[in-house]
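First the structure, in the form of structure tokens, and then the observations on it.
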Amino acid sequence: MSKLIDDLKLGLQQGRIDRRTFMQCMLAAGAGVALATSFPGNALADTTASTPKRGGNFKLGIASGSTTDSFDPGTYGDNYMQSVGHSIHSYLTEVTNTGELVGELAQSWEPSPDAKVWRFKLRPGVQFHNGKALEASDVVASLNHHRGPDSKSAANSLLAPIVDIQADGKDTVVITLNGGNADFPYLMSDYHLPVMPAQDGKVNATDGIGCGAYMREAFDPGVRTLVKRNPNYWKPNRGWFDSVEFLVIADVGARTNALSTGEIHAMNGCDLKTVHLLKRNNALEISSINGGQHYSLPMNTTMAPFTDKNVRLALKHAVDRKTMLETILHGHGEVANDHPISSGYRYFNKDLAQREYDPDKARFYLKQAGLDSLKVDLSAADAAFAGAVDTAVLFKEHAAKAGIDINVVREPNDGYWKNVWMKKAWSMDYWGGKPTADWAFSLVYGKGASWNETFWDDEAFNSLLLSARSELDDGKRRQMYGEMQGILRDDGGALIPLFANYVDGISRRIGHDKLASNWDLDGLRAAERWWFA
């Protein structure tokens, strides 16, 4: 009878039979009611209700990753190293799974009345993986790694407002800004800014030593990273696994198969074309969360033909966003309006008219640019986001009705972020949602931003960005951020058609609390927060 029970159990888990059929067959096979009800999906129905416990090797399949990956947090460019980084590092602040900002390595913080000077008090008793005790000098050196004209860090522009960082004793860091910033503590949770151990005022950013839940064990860039539990981790209620394997599985079919067969315990970037089939598998949980992630088609505004605002507007009117939402995302998201502020943001401008698909208006803007038609290359690879190539092909069909010929250039996945993004005139990208409007704007669209992928420089936008950051009147701040959304929509180089939900697959063997929406895979902290149920 054991083989029959095993077959029935597998059929239930894979969705080939429903719960009722499973119960009937179990009872017909002679199993008692207690035995029949002890199998999934009762036991697997609610992984959030399980009690955390330590142990096990957690395997996580991630869609991104590259042979150029490095432990230097200033180079983190995609979900893979961002997730690895959160397993080995800790940050001054943390955005919780409910969206609240709390202290991580910072026990508390206090601003000056004008929000220009911030004092962070460090948590006592924290040790790095190498045994060194956390001190204020480590924070100073870690932040300075990203600062200065010689820094290659993507967080360089994010920290540009800092004019001075000083250690006040061993447990206090004082940061002085060039202007007030009411949201500054949020920035200290950015995945580029972990605290690393310092020696002689410098950090070794590539050695993978932090004070996070796990310690570096093996690293094969673009293939696999293995970390083991840090026995001296300072959080008593985190870091449940004995070890975690981060696996680069770029092909979504291979990733899905690995999850379905139990080779991995979770994956990001489910194939939205087939996710309904995964939902039938009772052994799996499918999570779809709107967190402000958006797909972007950045146009380099310093390269022809994108130097012309009218060409940019023509392309923005030549995409059918509603059709794209249903075809590419299968409803797992919402249409976007060529700016990064989704409807869930505090300062979302609900009065800004949503741009619609209008081939005639696209032709009008082409004529304004002195063109009767347009042929342009669009570089695409699914490394940008799952379905990026399909998105480009669908856009090509939409744009053809406006006299625009989009030549879809299929680029290799490996090396996409190094060789294509911000190198080619027009490419594809995605951005995770940021906790604040200032952060979303400053990182990508402000003058001189390291990741200003459109190389856009608008005087009015930049002026508003600085003013809104230091404005303490909420009504005035809302007005300024609303105006900035309009400027970016109508003049910016980013064509942003969709906000995309984070759609992940998780084995029901894995327990977790409410999943965070600020980033994919539970705010990039799946390794730290999850456990075997």
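Is one or more of the residues making up the range 502-514 acidic (Asp, Glu) and within 30 Å of residue 262 (Cα to Cα)? Before the answer, list the steps.
So the first thing to find is which residues in the range 502-514 are acidic (Asp, Glu), and the list is 504, 513.
Those left that are additionally within 30 Å of residue 262 (Cα to Cα): 504, 513.
Yes, that holds for at least one residue.
Just name the residue that is surrounded by the fewest Cβ atoms within 10 Å (Cβ to Cβ) out of those in the range 163-203 that are among the hydroxyl-bearing types (Ser, Thr, Tyr) and touching a residue at least 60 places away in the same chain (Cβ under 8 Å). Break it down stepwise before answering.
Step one: of the range 163-203, the residues among the hydroxyl-bearing types (Ser, Thr, Tyr) are 172, 176, 186, 189, 191.
Now drop any that are not touching a residue at least 60 places away in the same chain (Cβ under 8 Å), which leaves 176, 186, 189, 191.
Values: 176: 14, 186: 18, 189: 21, 191: 21.
By that ranking, first place goes to 176.
Looking at the range 391-444, which of the residues that are part of a loop (DSSP other than H, G, I, E, B) and either touching a Phe, Trp or Tyr at 6+ places or on another chain (Cβ under 6 Å) or outside the structural domain of residue 486 (by TED's automatic domain parsing) (or both) is surrounded by the most Cβ atoms within 10 Å (Cβ to Cβ)?
Step one: list which residues in the range 391-444 are part of a loop (DSSP other than H, G, I, E, B), which gives 401-403, 411-415, 420-425, 427-428, 432-436.
After this cut, where a residue has to be either touching a Phe, Trp or Tyr at 6+ places or on another chain (Cβ under 6 Å) or outside the structural domain of residue 486 (by TED's automatic domain parsing) (or both) as well, the list is 427, 432, 435-436.
Details: 427: 27, 432: 20, 435: 21, 436: 20.
Among residues in the range 391-444 that are part of a loop (DSSP other than H, G, I, E, B) and either touching a Phe, Trp or Tyr at 6+ places or on another chain (Cβ under 6 Å) or outside the structural domain of residue 486 (by TED's automatic domain parsing) (or both), the one surrounded by the most Cβ atoms within 10 Å (Cβ to Cβ) is 427.
Got at least one residue in the range 219-230 being touching a residue at least 40 places away in the same chain (Cβ under 8 Å), in contact with a Gly (Cβ under 9 Å, 6 or more places away or on another chain), buried (at least 19 other Cβ atoms within 10 Å of the Cβ) and in a loop (DSSP other than H, G, I, E, B)?
Yes, that holds for at least one residue.
Examine the range 136-148 for a residue that is β-branched (Val, Ile, Thr), outside the structural domain of residue 246 (by TED's automatic domain parsing) and closer than 30 Å to residue 285 by Cβ, and state whether such a residue exists.
Kept after step one, since they are β-branched (Val, Ile, Thr), are these residues of the range 136-148: 139-140.
Those left that are additionally outside the structural domain of residue 246 (by TED's automatic domain parsing): 139-140.
Now restrict to residues that are closer than 30 Å to residue 285 by Cβ: none.
Checked against the condition, which is being β-branched (Val, Ile, Thr), outside the structural domain of residue 246 (by TED's automatic domain parsing) and closer than 30 Å to residue 285 by Cβ, the range 136-148 yields no hits at all.
Scan the range 489-501 and give yes if some residue there is in the same structural domain as residue 349 (by TED's automatic domain parsing), surrounded by fewer than 19 Cβ atoms within 10 Å (Cβ to Cβ) and either touching a residue at least 24 places away in the same chain (Cβ under 8 Å) or closer than 23 Å to residue 346 by Cα (or both), otherwise no.
yes
Residues in the range 413-439 that are of a type in the set (S, T, N, Q) and under 16 Å from residue 75 (Cβ atoms): how many? Before you say what the answer is, go through the steps one by one.
First pass over the range 413-439, keeping only residues of a type in the set (S, T, N, Q): 413, 419, 427, 436.
In the following step, the residues that additionally are under 16 Å from residue 75 (Cβ atoms) were identified as 419.
Going through the range 413-439 one residue at a time, the tally reaches 1.
Yes or no: residue 298 touching a Gly at 6+ places or on another chain (Cβ under 7 Å) and buried (at least 19 other Cβ atoms within 10 Å of the Cβ)?
On the way: touching a Gly at 6+ places or on another chain (Cβ under 7 Å): yes; buried (at least 19 other Cβ atoms within 10 Å of the Cβ): yes.
Taking the combined requirement at face value, the residue satisfies it.
Only residues that are touching a helix residue (DSSP H, G or I) at 6+ places or on another chain (Cβ under 6 Å) and surrounded by 24 or more Cβ atoms within 10 Å (Cβ to Cβ): list them for the range 505-515, please.
Selection gives 505 alone.
For the range 61-110: of the residues being small (Gly, Ala, Ser) and outside any loop (DSSP other than H, G, I, E, B), which is surrounded by the fewest Cβ atoms within 10 Å (Cβ to Cβ)?
Here is the first cut: in the range 61-110, the residues small (Gly, Ala, Ser) are 61, 63-66, 70, 74, 77, 83, 85, 87, 90, 99, 103, 106, 108.
The next check asks that each one be outside any loop (DSSP other than H, G, I, E, B); those that pass are 61, 74, 83, 85, 87, 103, 106, 108.
Numbers: 61: 25, 74: 17, 83: 29, 85: 21, 87: 27, 103: 18, 106: 25, 108: 11.
Step by step, filter the range 61-110, then rank; the result is 108.
So residue 253 passes all but one of these: (1) assigned to a helix (DSSP H, G or I); (2) free of Cβ contacts under 8 Å to residues at least 24 places away in the same chain; (3) surrounded by 19 or more Cβ atoms within 10 Å (Cβ to Cβ). Which condition number does it fail?
With (1) assigned to a helix (DSSP H, G or I); (2) free of Cβ contacts under 8 Å to residues at least 24 places away in the same chain; (3) surrounded by 19 or more Cβ atoms within 10 Å (Cβ to Cβ) applied to residue 253, the lone miss is (3).
Within the range 153-172, is even one residue in contact with a Phe, Trp or Tyr (Cβ under 8 Å, 6 or more places away or on another chain), more than 27 Å from residue 216 (Cα to Cα) and at pLDDT 95 or above?
Yes, because at least one residue in the range 153-172 is in contact with a Phe, Trp or Tyr (Cβ under 8 Å, 6 or more places away or on another chain), more than 27 Å from residue 216 (Cα to Cα) and at pLDDT 95 or above.
Which one of the conditions (1) at negative phi; (2) not assigned by TED's automatic domain parsing to the domain that holds residue 377 does residue 524 fail to meet, given that it meets all the rest?
Condition (1) is where residue 524 drops out.
Which one of these does residue 206 not meet: (1) under 19 Å from residue 87 (Cβ atoms); (2) without any contact (Cβ under 8 Å) to a residue 40 or more places away in the chain?
The single condition residue 206 does not satisfy is (2).
Say we look at the range 335-382 and pick out the residues that are exposed (fewer than 15 other Cβ atoms within 10 Å of the Cβ) and basic (Lys, Arg); which of these is farthest from the chain's Cα centre (by Cα)?
Within the range 335-382, the match that is farthest from the chain's Cα centre (by Cα) is 367.
Please verify whether the range 240-247 includes one or more residues that are farther than 25 Å from residue 96 by Cα, crowded, with 16+ Cβ neighbours inside 10 Å and more than 19 Å from the chain's Cα centre (by Cα).
No, there is no match, as no residue in the range 240-247 is farther than 25 Å from residue 96 by Cα, crowded, with 16+ Cβ neighbours inside 10 Å and more than 19 Å from the chain's Cα centre (by Cα).
Could you tell me whether any residue of the range 413-436 is in contact with a Leu (Cβ under 6 Å, 6 or more places away or on another chain), at pLDDT 95 or above, within 20 Å of residue 520 (Cα to Cα) and among the hydrophobic types (A, V, I, L, M, F, W, C)? It would help to see each step written out before you state the result.
Residues of the range 413-436 that are in contact with a Leu (Cβ under 6 Å, 6 or more places away or on another chain), as a first pass: 426, 428.
Still in the list and also at pLDDT 95 or above: 426, 428.
With the extra rule that they be within 20 Å of residue 520 (Cα to Cα), the set shrinks to 428.
Then keep just the ones that are among the hydrophobic types (A, V, I, L, M, F, W, C); that gives 428.
So far as the range 413-436 goes, yes, one or more of its residues are in contact with a Leu (Cβ under 6 Å, 6 or more places away or on another chain), at pLDDT 95 or above, within 20 Å of residue 520 (Cα to Cα) and among the hydrophobic types (A, V, I, L, M, F, W, C).
The values are calculated or read from the model by the stated rules, or taken from the named source; none is laboratory data. Quantities reported herein were computed from a predicted structural model and do not represent experimental measurements. Here Cβ is always computed from backbone atoms with ideal geometry, including for glycine, and neighbour counts include all displayed protein chains.
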